[in-house]
1. Just for the Cα atoms in the range 137-184, what are the lengths along the principal axes, largest first, rounded to whole Å?
2. Given R₀ = 41 Å, what would the calculated FRET efficiency be for E204 paired with Q121, taking r from the Cβ atoms and rounding to 0.05?
3. Which residues among the range 67-100 fall inside the zone where the amide N is under 14 Å from a point 7 Å beyond the Cα of R137, along Cα→Cβ?
4. Taking the Kirkwood radius as the inverse of the mean 1/r across Cα pairs, report the Rg/Rh of the range 127-208.
5. So, for the range 138-205, what is the accessible surface per residue at a probe of 1.4 Å, expressed in square angstrom?
6. Probe radius 1.4 Å, ligands and nucleic acids left out: which of W97, W172 has the largest accessible area, and how do the rest follow?
7. For the pair E146/I66, report the inter-label distance in nm, with labels modelled 7 Å from Cα in the Cβ direction.
Amino acid sequence: MKTKYSLYFVLMILLASCGCIDTQRPVEDDGMNDSMDGLLMNGSFTPTSVATGGPGIPVDLSQVEIRGGPNFSPNVTLISSILQNDPRTGILIENGWNITSINEMNDEKDRARGSATVEFQKEGLSFYIVISEQEGRTAGGYCGAEIWIAEPVSGPRPGDYHQARDKVEGWWHVFDDRNEWVIMIYNDTTIFYLYPSYSIIDIEGILD
């Protein structure tokens, strides 16, 4: 009988303790408070990601300028949908870049496929995402900064922005010559680093 009461007592304690468990969904740390902690005074950078570039970010093209010939009539609704599914759109918009124009491709072959470029701009620097309407997807991306190799070859630096290609990885590095820091590291499909708070690579030493 004593054993029976002991088991009953233990069972009641277990049932009571179950009611004390917190079943609320945990609050995720969005990293906003740490967004600038990675940017050190000496210019080095510890990768932190404030802009996640997730799909579904709102894309409003209603006031965007359409640049092209008289026969250029891009499907703005389709382009908006395609951009929403490209992580670079979220990365750029969340870091203060604005969509300013939809441009007709200059290449006759690209025009025949129904391609266009969407221009994102911030502080005089442009980044373009290529859209293939026919294939319903993005088809590349590039920065509008002037390509600069070295002074004997390319002459003096432009004075505002320039870009150069990394011979090892093949990535493009975009430099702000006025403030002497790297603005962006990217390739045809991915933005690896965007000043000041987005990075998906270890860039220790790259910005020195």
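1. 38, 22, 15
2. Numbers: r = 30 Å, r/R0 = 0.72.
Calculated value: 0.90.
3. Once the point is set 7 Å along Cα→Cβ of R137, 82-83, 85-87 turn out to lie under 14 Å by backbone N, inside the range 67-100.
4. Numbers: Rg = 13.9 Å, Rh = 13.8 Å.
Ratio value, two decimals: 1.01.
5. Working: 3680 Å² over 68 residues.
Roughly 54 Å² per residue, with all protein chains present.
6. Putting W97, W172 in descending order of accessible area: W172, W97.
7. 3.4 nm
The values are calculated or read from the model by the stated rules, or taken from the named source; none is laboratory data. Values in this document were obtained by computation on a predicted structure and should not be read as measured data. Don't worry about glycine lacking a Cβ; one is built from the backbone with ideal geometry, like all the others, and counts go over all protein chains shown. Only protein heavy atoms, including side chains, enter the accessible area calculation; ligands, DNA and RNA are left aside. Shrake-Rupley method; radii C 1.70, N 1.55, O 1.52, S 1.80 Å.
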